[in-house]
Amino acid sequence: MAEHLEGRSRAAFETSLPHVTSWAATLIRDHLGRVLLLHKSGAGPRAWQLPGGHLNHHEYPIGAALRELTEEAGVAPGRPLRLIGLDFALPANGWTGNRMGFFFDGGRLEVEYMDACVELSGEHDDWGLRAMDDWCTLMKPPDWQRIQYLVDAADNDTVAYLHEMGQPQ
């Protein structure tokens with residue numbers, strides 16, 4: 001580490017490094033494999049997304065995924081969370097730093113449980129439980145494709161490594 005400081009203080013060195021905004025989300029499905037998505041309030045009709053959000057300071061991605069799942073949908077995972085995807089993007093669309101998403105598989109839940117438990121936060125105005133083929137026409141294509149890669153990773157016990165908000169690498 002000392003060789004990288006080049007005579008600078010640690011604080012000066014750290015401020016010279018790229019800024020990264022990190023977020024985490026959880027894939028939840030029912031026993032038929034249908035995916036739980038939340039609709040972002042005021043973001044247009046095709047703004048469906050996995051429960052998730054930005055990491056807080058001093059928070060691990062898995063902790064953020066659990067917190068956001070509870071805050072946004074009022075749901076507990078059906079299994080211990082397992083990493084199924086990483087998505088890295090360079091600055092774009094007004095973001096000044098890199099963006100890093102961590103995706104986890106939260107298992108499968110009974111439909112009755114979700115019907116009784118899903119309680120939306122103020123960030124969302126609707127939720128749905130549909131097969132990926134059905135979500136295809138309701139979502140922006142890149143958003144749908146990213147979730148499809150994550151479903152495939154969960155089904156195959158792999159980890160999807162994505163770039164630029166959903167493109168595989």
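Anything in the stretch 110-121 that is more than 18 Å from the chain's Cα centre (by Cα) and not charged (D, E, K, R)? List them, or say none. Walk me through it before giving the result.
Just the residues of the stretch 110-121 that are more than 18 Å from the chain's Cα centre (by Cα), to begin with: 110-117, 119.
Selection gives V111, Y113, M114, A116, C117.
With respect to E119, determine if the residue is part of a helix (DSSP H, G or I) and open to solvent by 20 Å² or more (accessible area, probe 1.4 Å).
no
When you scan the stretch 1-92 for strands (runs of 3 or more DSSP E) that lie fully inside it, which ones turn up with 1 or more residues that are of a type in the set (S, T, Y) and open to solvent by 10 Å² or more (accessible area, probe 1.4 Å)? Give the derivation first.
Values: elements: 20-30, 35-40, 52-54, 82-89.
Output list reads 20-30.
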**Asked** Out of (1) outside any strand (DSSP E or B); (2) closer than 17 Å to L32 by Cβ, the odd one out for W95 is which?
**Response** (2)
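Each row is one residue, and each column tells you yes or no for (1) without any contact (Cβ under 8 Å) to a residue 40 or more places away in the chain; (2) β-branched (V, I, T).
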| site | (1), (2) |
| --- | --- |
| A116 | yes, no |
| D126 | no, no |
| T137 | yes, yes |
| P142 | yes, no |
| N156 | yes, no |
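Looking only at the stretch 126-149, decide whether some residue is among the β-branched types (V, I, T) and touching a strand residue (DSSP E or B) at 6+ places or on another chain (Cβ under 9 Å). I'd like the intermediate steps shown before the answer.
Step one: filter the stretch 126-149 for residues among the β-branched types (V, I, T), giving 137, 147.
Keeping just the survivors that are touching a strand residue (DSSP E or B) at 6+ places or on another chain (Cβ under 9 Å) gives 147.
Yes.
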**Fill in**
Result of the Cβ filter at 6 Å on the stretch 93-108, keeping first residues that are within 15 Å of P80 (Cα to Cα) and partners that are open to solvent by less than 20 Å² (accessible area, probe 1.4 Å) and of a type in the set (S, T, Y), at least 6 apart or interchain, is F104/T26; G106/T26
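For (1) at pLDDT 95 or above; (2) within 15 Å of W23 (Cβ to Cβ), each residue gets a yes or a no:
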site: N93; (1), (2): no, yes
site: Y113; (1), (2): no, no
site: G122; (1), (2): no, no
site: D126; (1), (2): no, no
site: D143; (1), (2): no, yes
site: N156; (1), (2): yes, no
site: Q169; (1), (2): no, no
**Asked** Do you know which of the residues in the stretch 122-135 that are more than 17 Å from the chain's Cα centre (by Cα) and open to solvent by 60 Å² or more (accessible area, probe 1.4 Å) is farthest from A47 (Cα to Cα)?
**Response** D133
**Prompt:** Just to be sure, is G53 among the small types (G, A, S) and more than 14 Å from H124 (Cβ to Cβ)?
**Reply:** no
**Fill in**
Taking the stretch 136-163 and keeping residues open to solvent by less than 90 Å² (accessible area, probe 1.4 Å) and in a loop (DSSP other than H, G, I, E, B) leaves C136, L138, M139, T158, V159
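The values are calculated or read from the model by the stated rules, or taken from the named source; none is laboratory data. Nothing here was measured: the structure is a model prediction, and the numbers come from that model. Heads up, the Cβs are rebuilt from the backbone with ideal geometry, glycines too, and the neighbour counts pull from every protein chain shown. Quick note on the areas: whole protein, heavy atoms, side chains included, nothing else; ligands and nucleic acids left out. Shrake-Rupley method; radii C 1.70, N 1.55, O 1.52, S 1.80 Å.
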